[in-house]
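The structure under discussion appears below in the form of structure tokens.
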Amino acid sequence: MRIHFKTSYENDIRLFPDWWSFLVYAVLVAGAVILPWLLDDFFLGEVTNVLIWAIAGLGLMLLTGQTGQASLGHAAFLAIGCYSCIILMENGLPFLLAFPLAGVITGVFGTLFAIPAVRLHGIYLAIATIALSVLADDIIVLLEPWTDGVSGKFAPMITIFGLEIERWTTPDRFYWLVLAVTILCTLAYRNLLRAPLGRAFAAVRDSEVSATAMGVHIAFTKAAAFGLSCAITGLAGALMGFYAGAFNNETFSIVISISLLMMIVIGGLGSIHGAFFGAIVIAFLPQALSMATDTIGGMIGGGNVAIPGLETGVFGAILILFILFEPMGIYGRWLKIRTWFELFPFARKDMFKRQKSYLKTERLR
Amino acid sequence: MSLLEINNATLKFGGVVAVNDLSFSVEEGEVYAIVGPNGAGKSTVFNLISRFYEPFSGQIAFDGQNLLDRRADAVADLGIARTFQNIELFDHATVLQNLLVGRHRHRRTNMIEEMLFTPRVRREEHKHREAVERVIDFLDLQPYRNKMIAGLPYGVRKVVELGRALSSDPRLLLLDEPASGLSVEETQDMRWWIDDIRKQMGITVLMVEHDMGLVSGVSDRVLALADGAKLAEGAPAEVQSDPAVIAAYLGTGAV
């Protein structure tokens, strides 16, 4: 177990508590940067997919994990980010301008949506956001002059200072682009968490009454959470568009929204690690399943049989198992395992047992 | 001019009159206690001051400013901090983070700066941390600094909540039953702290409390409430021996 001897407030403020954890993340980033030389194009594409999902997961995590506002409508914000980035580029804007602008546009839409949404709580908010997901499909069709409706759009080539980036012809460059966005989003997220606004998010999540009494403007804080969350999600949406190459009204369906929410629950609500762990599960599980069915099919001589509903069934089962046995998600399990080793042999079985919470003041709303 | 002035405040929930034409004022630098049987409207008075409830009629003024012009989240800006009867902490955050939320009214940086974590944000963080550390020192919370609230015992939570309110550098501190659920020793600690808060920090304290030992020990003046109306007001001993107060607590009848 590493003991931190703290001599300055900086110890608690800086990004890494000690040299060791700095080293771990430095090695991780270095490994991620050299990955294109280690993997073939197919697996590099899969890792890119994981990272894009992780960005989207960070977006939703900010809203659901940090601020406690469940959203089943984030596919709509992925769509807004994707369409706005590509429409802007078709109108002659360079990628370096269109991409951040797509984030801003999505953020503005998110804030606008927050105006009615901040009045809703818990399950009612989830229902309102489902409506958003369902609407997105129709609105994309209705806005055909811009979105090309059902026939869909194709992602153009990305050019940054003459450097051409495309998912199929230059998968390594596209991977590095996605990696850079991932790192920037993670840093911004992490910075927020150690600043007043991040603490205000947690305050709104845990007790709106006392957050108000401490001077936190609830509606403003929730709107900020919606705006930031949607901006990050919009960036992920734009990258998803480039990754898919082609997309139409059905690409960003409600299933994507549900997968996103599942992803952060499985990964571990309220932690950055959770978004990444969840993304790995969501992105690799379909591949793992199809490999497994192929192998089993080959063993029993049945060949490649597609089993309808297998994927959703397995996803559902995993989600239920997590909620029942590990509500803290993969990251929570990882923390437990780490603590067990750190304290060995003094770890106790009930150390992470959830305490009953004391009676709360009647909600003043 | 008094620090806090409540004039003819009335609050009704449907047909129930929770606060009935209540007037009282709290002077700068004193400890003012509100006592009364259950349902007398003590916590409701707090919620009126915190602007969680809109009074039916009447005025509430703090330091000459009309509190009723303000939203609930703007009350803290004036320097009014409070605790809650049933502890309203942020359960999934550490003690340190909880106390730092108490500094929210001193936030001077905006969202963009905080995302970039500019040097100014860092300097502000140091300042907030320094203020919080003074509170931690004052309340002896050092062993719990990085503990999650969800795992803390009740008595410590009570102290953390007091600490969160103190972290905001308030002028007026509203304590809603600071000693409820505390052991005799913890109540004794609370008594010293309230004394020190008034004497060393110069913070005015308005509290609701049932423990008459604590009330008579620390407070300068006591207000007795029953059914939302004033029964008696004055020094602790006077109020305790007031016949109307005794009747409200023990009832009247053939003794």
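The requirement of being facing another protein chain (nearest Cβ under 10 Å) and under 21 Å from the mean Cα position of the chain (by Cα) is satisfied by B:LEU174. Here A:TYR83 passes the criteria (1) under 17 Å from A:THR182 (Cβ atoms); (2) more than 14 Å from the chain's Cα centre (by Cα); (3) crowded, with 23+ Cβ neighbours inside 10 Å except the one numbered (1).
Looking at this structure, is A:PRO116 out of contact with any helix residue (DSSP H, G or I) (no Cβ under 9 Å at 6 or more places or on another chain) and not hydrophobic (A, V, I, L, M, F, W, C)? So A:PRO116 does not fit the description; no.
Could you go through the stretch A:244-265 and let me know if any residue there is in contact with a Phe, Trp or Tyr (Cβ under 6 Å, 6 or more places away or on another chain) and assigned to a strand (DSSP E or B). Yes, the stretch A:244-265 contains a residue that is in contact with a Phe, Trp or Tyr (Cβ under 6 Å, 6 or more places away or on another chain) and assigned to a strand (DSSP E or B). Among the residues of the stretch A:173-194, the ones that are more than 23 Å from B:GLU114 (Cα to Cα) and either buried (at least 19 other Cβ atoms within 10 Å of the Cβ) or facing chain B (nearest Cβ under 10 Å) (or both) come to 4 in all.
Quick check on the stretch B:174-193. Is at least one of its residues surrounded by 23 or more Cβ atoms within 10 Å (Cβ to Cβ), closer than 20 Å to A:ALA211 by Cα and among the small types (Gly, Ala, Ser)? No: the stretch B:174-193 contains no residue that is surrounded by 23 or more Cβ atoms within 10 Å (Cβ to Cβ), closer than 20 Å to A:ALA211 by Cα and among the small types (Gly, Ala, Ser). All of A:GLY298, A:GLY309 fail the test of being at positive phi, loosely packed, with under 13 Cβ neighbours inside 10 Å and either over 20 Å from the mean Cα position of the chain (by Cα) or not polar (S, T, N, Q) (or both), apart from A:GLY309. Within the stretch B:124-142, the set of residues being more than 9 Å from chain A (Cβ to nearest Cβ) and under 22 Å from the mean Cα position of the chain (by Cα) comprises B:ALA131, B:VAL132, B:ARG134, B:VAL135, B:ILE136, B:ASP137, B:PHE138, B:LEU139, B:ASP140, B:LEU141.
Residues of the stretch A:245-258 include none that is of a type outside the set (A, V, I, L, M, F, W, C), within 13 Å of chain B (Cβ to nearest Cβ) and closer than 19 Å to A:HIS74 by Cα. If you filter the stretch A:195-217 down to residues that are at the interface with chain B (Cβ under 7 Å from one of its Cβ atoms) and under 18 Å from A:SER71 (Cα atoms), you find that the one that is modelled with the highest pLDDT is A:ALA202. Taken together, the residues in the stretch A:184-198 that are in contact with an Asp or Glu (Cβ under 8 Å, 6 or more places away or on another chain) and either closer than 16 Å to A:TYR25 by Cα or in a helix (DSSP H, G or I) (or both) amount to 5. The condition (being farther than 30 Å from A:LEU120 by Cα, of a type in the set (Val, Ile, Thr) and in a helix (DSSP H, G or I)) is satisfied by just one residue among A:VAL181, A:VAL204, A:VAL209: A:VAL181.
The values are calculated or read from the model by the stated rules, or taken from the named source; none is laboratory data. All values derive from a computational prediction rather than experimental measurement. When we count neighbours, we look across all protein chains shown, and the Cβ atoms used for this are built from the backbone with ideal geometry, even at glycine.
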